[in-house]
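This report concerns only the one structure given below.
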Amino acid sequence: MERERPTPEQAPAPEAAARPTGRDEIRSAVLREARRLFSERGPQVPLRDIADAAGVNLGLIHRHIGRKEALITAVMQDAVRFGAARLENTDDAGEAVRGMLLGSSSHPEISRLLAWLALDRDAAFPPMVDPSQRPAAELRRMNDPPPAGDVELLLVFTAVYAWPVLRGALLDALDIPESERTGIDELLADLLARVVTRGSDAGSP
């Protein structure tokens with residue numbers, strides 16, 4: 001005999017998501033949700049919204065990170081360190097730039113936050129990590145092959161940080177059909193890799 005299935009009213013409620021506990025879990029959850037909300041809504045997002053999204057008490061943000069300016073700084077520093085760490089195991093500036101462009105395209109949150117900060121006159125740009133730890137410093141140390149020069153690096157970083165924000169608008173502006181957009185990120189990454197390592201000869205056969 002088939003057992004009677006419980007009605008929705010009788011069915012047990014799903015367990016609530018476990019709230020983060022401990023300094024490291026709390027900090028990780030807060031940074032994750034701050035990165036997402038800052039990129040979606042800008043730096044004016046209330047800390048309470050971030051606390052609610054992270055499943056923590058507002059006071060824990062103040063205790064483990066600080067005020068909003070400190071939280072923005074922590075988000076940016078975390079992203080810069082992550083980006084620099086991805087470059088540590090290569091000496092090929094072209095391959096490094098290729099990875100940077102594809103990485104920023106796959107995870108556009110930091111590019112969006114940078115755009116918000118650049119456009120928000122009331123938001124003080126947060127201090128970054130030590131200059132020696134920035135991706136630009138990692139690129140400059142590479143020598144197999146090395147970057148061509150600072151102008152090429154300026155172009156690369158403009159593309160890396162602006163492309164994820166403007167991608168859709170630029171593809172629409174150029175009337176590139178959907179059928180031709182597959183693989184466009186890889187093509188752009190390959191072009192930037194050639195530019196950063198060959199400079200003015202990037203367009204040569």
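The values are calculated or read from the model by the stated rules, or taken from the named source; none is laboratory data. Fair warning: this is a prediction, and the values are worked out from it, not measured in the lab. Heads up, the Cβs are rebuilt from the backbone with ideal geometry, glycines too, and the neighbour counts pull from every protein chain shown. Each accessible area value is taken on the protein alone, full model and side chains, heavy atoms only, with ligands, DNA and RNA left out. Shrake-Rupley method; radii C 1.70, N 1.55, O 1.52, S 1.80 Å.
Restricted to the range 192-205, and to residues there that are open to solvent by less than 60 Å² (accessible area, probe 1.4 Å) and of a type in the set (Ser, Thr, Tyr), the residue that is modelled with the highest pLDDT is 197.
Applying the selection to the range 182-199, what residues are part of a helix (DSSP H, G or I) and of a type in the set (Gly, Ala, Ser)? Correct list: 189, 193, 199. For the range 177-191, taking the residues that are modelled with pLDDT of 95 or more and open to solvent by less than 40 Å² (accessible area, probe 1.4 Å), the one that is farthest from residue 136 (Cα to Cα) is identified as 184.
A quick yes/no check of all residues on (1) more than 23 Å from residue 144 (Cβ to Cβ); (2) touching a residue at least 60 places away in the same chain (Cβ under 8 Å); (3) in contact with a Gly (Cβ under 6 Å, 6 or more places away or on another chain); (4) open to solvent by 30 Å² or more (accessible area, probe 1.4 Å):
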site: 36; (1), (2), (3), (4): yes, yes, no, yes
site: 67; (1), (2), (3), (4): yes, no, no, yes
site: 73; (1), (2), (3), (4): yes, no, no, no
site: 88; (1), (2), (3), (4): no, no, no, yes
site: 103; (1), (2), (3), (4): no, no, no, no
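Tell me which residues, restricted to the range 55-65, are among the small types (Gly, Ala, Ser) and either part of a loop (DSSP other than H, G, I, E, B) or open to solvent by 50 Å² or more (accessible area, probe 1.4 Å) (or both). Across the range 55-65, the qualifying residue is only 55.
Kindly evaluate residue 162 against the criterion of being modelled with pLDDT under 90, closer than 23 Å to residue 82 by Cβ and of a type in the set (A, V, I, L, M, F, W, C). Against the criterion (modelled with pLDDT under 90, closer than 23 Å to residue 82 by Cβ and of a type in the set (A, V, I, L, M, F, W, C)), residue 162 does not qualify. None of 135, 108, 145, 126 is in contact with a Pro (Cβ under 7 Å, 6 or more places away or on another chain) and either open to solvent by less than 20 Å² (accessible area, probe 1.4 Å) or at pLDDT 90 or above (or both) except 108.
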